[in-house]
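Colleague: My structure is below; once you've seen it, I'll send some questions.
The numbers here are math on the coordinates, done by the rules we state, and not lab data. This structure is a prediction, so every number in the text was calculated from the model and none was measured. Using ideal geometry, Cβ is built from the backbone for each residue, glycine included, and neighbour counts are taken over all protein chains shown.
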Amino acid sequence: MKGGMFAGITEELGSFDGALLSSRKATMASFQSLVVVALQEAAEAYLIGMFKDTNLCAIHLAMRIGVGGKRA
């Protein structure tokens, strides 16, 4: 995902009432660029790990070549 898209999503999530910040502070929340980069890298690393684990489960449990692959 491009950095600009992720930054926009991060800002939008930070502005929700009842999120991690109080509603008054959430409207004023802005993220520094390094924070957005760190959040994006952490999210990508987490998702890659989840996809790897999903692929291993598909191979082991369903005897598939991959998540979207044909049966072995």
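Colleague: By counting other Cβ atoms within 10 Å of each Cβ, how are 51, 6 ranked from fewest to most?
Modeller: Values: 51 11, 6 17.
The most exposed by this proxy come first: 51, 6.
Colleague: Let me ask another. Within a 10 angstrom radius of the beta carbon, how do 61, 47 rank from fewest other beta carbons to most?
Modeller: Fewest to most other Cβ atoms nearby, the residues stand as 61, 47.
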